[in-house]
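The values are calculated or read from the model by the stated rules, or taken from the named source; none is laboratory data. Note that the structure is a prediction, hence the values are computed from the model and not measured. Cβ placement follows ideal geometry from the backbone for every residue including glycine, while neighbour counts extend to all protein chains displayed. Note: accessible area is taken over every heavy atom of the protein model, side chains too, but ligands, DNA and RNA are not part of it. Shrake-Rupley method; radii C 1.70, N 1.55, O 1.52, S 1.80 Å.
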Amino acid sequence: MARHIVARTSDIPPGGNKVFGVEGRDIVVFHVNGEFFALLNRCPHEGAPLAKAACVARLTSPEPGVYERSRVGELLRCPWHGWEFDMRSGQSWFDPKRVKVRSYPVAVESGEELQKGPYVAETFPVHVEDNYVIVEV
Ligand code: FES
């Protein structure tokens with residue numbers, strides 16, 4: 001897997017997402033609860049763009065009439081037919097053993113860390129600020 005710097009962290013606001021073309025694939029990066037998640041921007045059912053999905057909470061019911069919300073914003077509800085996926089793993093809640101959205105590892109690194117490398121032939125003073133979102137594809 002190659003690492004691709006796709007954006008500054010500030011380019012994707014909290015609760016938002018952005019689509020990037022990486023190695024011929026549309027990959028959507030979500031920013032939820034302080035974390036970034038990268039998924040193929042295509043629903044495995046009929047191909048809806050997941051960038052348009054609703055980011056919802058996990059809803060559980062320990063007993064009749066009692067509902068609990070958790071992981072607010074971490075579940076995706078497809079805009080076309082409502083199938084739901086776990087943003088963290090891509091797994092479907094509808095059919096977890098067979099249906100999954102492709103997910104990709106994401107890292108956040110500072111510009112200062114990214115500029116350093118072991119094989120620098122010639123150096124110049126460079127100062128890079130901000131943090132960047134990196135997707136492995
Ligand atoms: S295209 Fe996503 S649920 Fe049908």
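Observations on the structure shown:
- Residue count, segment 18-33 (criterion: free of Cβ contacts under 8 Å to residues at least 60 places away in the same chain, over 11 Å from V133 (Cβ atoms) and not hydrophobic (A, V, I, L, M, F, W, C)): 4
- Within segment 110-131, at least one residue is open to solvent by 60 Å² or more (accessible area, probe 1.4 Å), within 19 Å of R3 (Cα to Cα) and in contact (Cβ under 8 Å) with a residue 24 or more places away in the chain.
- Taking the listed residues L40, L50, the one that is aliphatic (A, V, I, L, M), at pLDDT 95 or above and out of contact with any Lys or Arg (no Cβ under 6 Å at 6 or more places or on another chain) is L50, with no other qualifying.
- For segment 32-86, a tally of residues being open to solvent by 80 Å² or more (accessible area, probe 1.4 Å), away from the ligand (no atom under 16 Å from the Cβ), assigned to a strand (DSSP E or B) and touching a strand residue (DSSP E or B) at 6+ places or on another chain (Cβ under 8 Å) returns 6.
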